[in-house]
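*Asks:* Below you'll find the structure I mean.
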Amino acid sequence: MAGHEKSGTRPPYAPKTPACIVTTGRVGHGTRLVMRVVLLQAGGAVVVACVLLALSGAASAGAELAGGLIVAIGSGLFGWRMFLPGIAAAAVLKRALYAGEALKWTWYVVALWAAFARLKLAPLPLLAGLSLAQFVYWFGLVGMKRG
């Protein structure tokens with residue numbers, strides 16, 4: 001056995017931190033990222049709802065706004081659950097990712113059921129709001145990588 005194995009010290013070539021720890025480099029970065037994405041999605045939904053209010057009426061605008069807010073809330077739930085563990089082992093973060101996705105999709109199913117079955121919202125504007133908010137999410141991620 002080598003000397004470091006007997007004494008319990010690390011060899012000089014060993015990393016200072018365990019390899020299974022994943023960090024983002026900044027504390028609170030995940031929370032700010034989630035808030036930025038959710039605000040972009042909700043803001044995009046509000047802008048398009050205002051345009052639809054002028055062009056098509058309150059029913060279309062309300063359905064579009066509901067669709068956009070469904071996606072924004074889903075993104076917020078996912079991000080909250082994903083970044084809840086903070087700096088943690090990779091296995092913990094993997095579980096948080098899966099739990100966040102499950103929470104988001106459960107929210108989508110319940111919210112869409114409520115929008116269609118209970119509230120009887122117009123399907124086309126609602127789906128347009130869902131699509132727009134998802135597009136804003138992708139656009140926001142691309143913009144964040146550049147700046």
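The values are calculated or read from the model by the stated rules, or taken from the named source; none is laboratory data. Since the structure is predicted, the reported quantities are computational estimates derived from the model, not experimental observations. Every residue, glycine among them, receives a Cβ derived from its backbone with ideal geometry; neighbour counts consider all protein chains shown.
*Asks:* Taking the stated definitions as given, is LEU112 within 15 Å of VAL38 (Cβ to Cβ), hydrophobic (A, V, I, L, M, F, W, C) and at pLDDT 95 or above?
*Replies:* no
Every residue, every condition in (1) over 20 Å from the mean Cα position of the chain (by Cα); (2) under 20 Å from LEU33 (Cα atoms); (3) modelled with pLDDT under 95, yes or no:
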{"residue": "GLY62", "(1), (2), (3)": "yes, no, no"}
{"residue": "ILE70", "(1), (2), (3)": "no, yes, no"}
{"residue": "GLY74", "(1), (2), (3)": "no, yes, no"}
{"residue": "LEU132", "(1), (2), (3)": "no, yes, yes"}
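*Asks:* Please enumerate the residues belonging to the stretch 39-57 that are farther than 14 Å from GLY129 by Cα and part of a helix (DSSP H, G or I).
*Replies:* LEU39, ALA54, LEU55
*Asks:* Condition check: among the basic types (Lys, Arg), in a helix (DSSP H, G or I) and in contact (Cβ under 8 Å) with a residue 24 or more places away in the chain. Does ARG32 satisfy that?
*Replies:* Here the answer is no, as ARG32 does not meet what is asked.
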